[in-house]
Amino acid sequence: MSFPLYFSKKIALSKDNKNNLSRIIIFIGRLSVALGVLVSLITVSTGLGTKYAIKNRLTDFGGAIEVKSTKTNSSYNSSVLNPEGFDIQKLKTIDGVAGLQKVVTVSGILRTEDNFAGIIFKGIGKDFDHNRFKKFLIEGETPQVTEDVFNGNVAISQKIAGDLHKKLNDSVVAIFSKENQKPLYRKFKIVGIYKTDIKMIDDLYIIGGINHARKILGIERSQVGGYEVFLNNSDDLNIVFPKVEDAIGYRNYAEKITDLYPQIVDWINIFDTNIALIIIIMLIVVVTNIIMVLLILIIERTNSIGMLKALGASNVQIRKIFINYTIMIMVPGLLVGNAIGIGLLLIQKLFGVIKLNPENYYVSEVPVDLNPLLILAISAGILFISAIALILPSYLISKISPVKAVKYN
């Protein structure tokens, strides 16, 4: 064991440093470190948790990538995908693609005796991923579609059900308009109620059989309006996207989910700025307090520094002693901050104590991302930056004269 490290431990464990001034200094240092770790940990975990939760809700509802026909206009009515150059097998085998499902969408109105709601009817086929959608279901199930027959069941959002005063197993009438034709009326049975907490989705979408959407739009049963492509990891979106474009032909196009909901993506990106800003502020507070602790400890132990110099210790060795000592003071603060922070985050993750307004935040409770590597990185980062920051103020030791220091009391 090196002399500086050995002497640092002796000082840290010695009862002689437990006078009132030292006790207050050490308490302030540890408190600032604990608060810095606590705030940084909560900020990063909840910030990233919210980002991932919103992004996953978007991609689990409609896929990370949507494939459509170039004939599709700004309306919600699907245009038929062009088969020229469209290689479904190539699309399925792209590395990173978890699956895909066919859809046909058509806009319409749900009507009751005293209210109505504009909706997008999302027609799903037999390849619909019911397990992926299950997380959104509050009651019931999603329609089980075989595509051999017309399925009159639908799943609607909790928001639409509340607006129309409908519940599970109730029937509802949908009206679809066609150009130069009389409106089409369809009666559906509500077999499922879902909630994504994303207003743009919950306000509009109902899930039903694809054959109804095909019939309303007047397209053949073998034709589809688009494909929703799901990925194993949504972070690979920019890598997989060009490969998807290569597999769908030039008469169709692919669109990222991030381009479909730019306002949500912009809102999510604000988290990066907020997280960085809060961490910088916490680092400044922690480093400032730790430097203050070091300087006061040096002044308090000026006599000891003079004795060490008189006994032949170099300035570098003495500086290392005080830097190591200050770092040792930080460690209990790191442990306490992590213990409290992880405890609070676990409570939130398990019980969802803190609720949010989904109309503003797109989630109904604060999500938490408890990544062990993230926790270690925050603590290690604070320790490392503090250690670097202590190098410059520790040069004060070299200015202390052994003769004057020994006389100093």
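The numbers here are math on the coordinates, done by the rules we state, and not lab data. What you see is a predicted model; the values in this text were computed from it and never measured. Ideal geometry is used to build each Cβ from the backbone, glycine not excepted, and the neighbour counts take in all protein chains shown.
Once you order the gyration tensor axes a ≥ b ≥ c over the Cα atoms, which shape class does the stretch 105-264 get: rounded for a/c under 1.5, otherwise prolate or oblate by comparing a/b with b/c? Verdict is prolate for the stretch 105-264. The residues D236, D95, when put in order of fewest to most other Cβ atoms within 10 Å, stand as D95, D236.
Whole Å is fine, so just give me how far the alpha carbon centre of the stretch 378-395 lies from that of the stretch 252-274. If you average the Cα positions of each part, the centres end up 37 Å apart.
Sorted by average packing, counted as other Cβ atoms within 10 angstrom per residue and highest first, what order do 61-67, 86-92, 317-323 take?
61-67, 317-323, 86-92
Can you give me the relative contact order of the stretch 71-250 as a percent, contacts being Cα pairs under 8 Å and 6 or more apart? Over the stretch 71-250, the number comes to 34 percent. Here the stretch 288-348 is treated as an ellipsoid with the same Cα gyration tensor; its semi-axes, largest first and in whole Å, are 35, 11, 7. May I ask what percent, to the nearest 5, of DSSP beta bridges between residues of the chain are antiparallel? Around 80 percent of the beta bridges assigned by DSSP in the chain are antiparallel ones. Taking the fewest neighbouring Cβ atoms within 10 Å as the starting point, the ordered list for R30, R57 is R57, R30. Protection proxy ranking for 185-197, 211-223, using the average of other Cβ atoms within 10 Å per residue and placing the highest first: 185-197, 211-223.
Each Cα pair under 8 Å and six or more residues apart adds its sequence gap; the mean of these over the residue count of the chain is a relative contact order of 28 percent.
Over the stretch 295-409, Cα pairs under 8 Å with separation of 6+ residues give a relative contact order of 50 percent.
Give the distance, in whole Å, between the Cα centre of the stretch 33-103 and the Cα centre of the stretch 166-229. About 22 Å separates the Cα centre of the stretch 33-103 from the one of the stretch 166-229. With Cα atoms defining each centre, the stretch 108-142 and the stretch 300-365 are spaced 50 Å apart in the structure. Peptide packing for 335-347, 296-308 was compared via the average number of neighbouring C-beta atoms within 10 Å per residue; ordered from the highest value, the list is 296-308, 335-347. Stokes-Einstein D for the stretch 301-387 at 25 °C, 0.890 mPa s, Kirkwood Rh over Cα pairs, in µm²/s? So the translational diffusion coefficient is about 148 µm²/s.
Given a cut-off of 25 Å, name the pairs among K122/K355; K92/K349; K68/K243 whose C-alpha atoms lie farther apart than that in the structure shown.
K122/K355; K92/K349
Of all beta bridges that DSSP places with both ends in the stretch 71-250, some 75 percent have antiparallel geometry. Helices in the chain that qualify as membrane-span-like (whole DSSP H runs, Cα extent of at least 30 Å along the helix axis, mean Kyte-Doolittle hydropathy of -0.5 or higher) are 20-62, 262-300, 315-351.
Take T288, T326, T258 and order them by how many other Cβ atoms sit within 10 Å, fewest up front.
T288, T258, T326
Bridging of K399 to lysines at a Cα separation below 29 Å is possible for K9, K10, K15, K18, K309, K320, K407, once same-chain residues fewer than 8 apart are set aside.
The equivalent ellipsoid that matches the C-alpha gyration tensor of the stretch 240-373 spans semi-axes of 52, 22, 14 angstrom, in descending order.
Relative to its Kirkwood radius, the Cα radius of gyration of the chain gives an Rg/Rh of 1.22.
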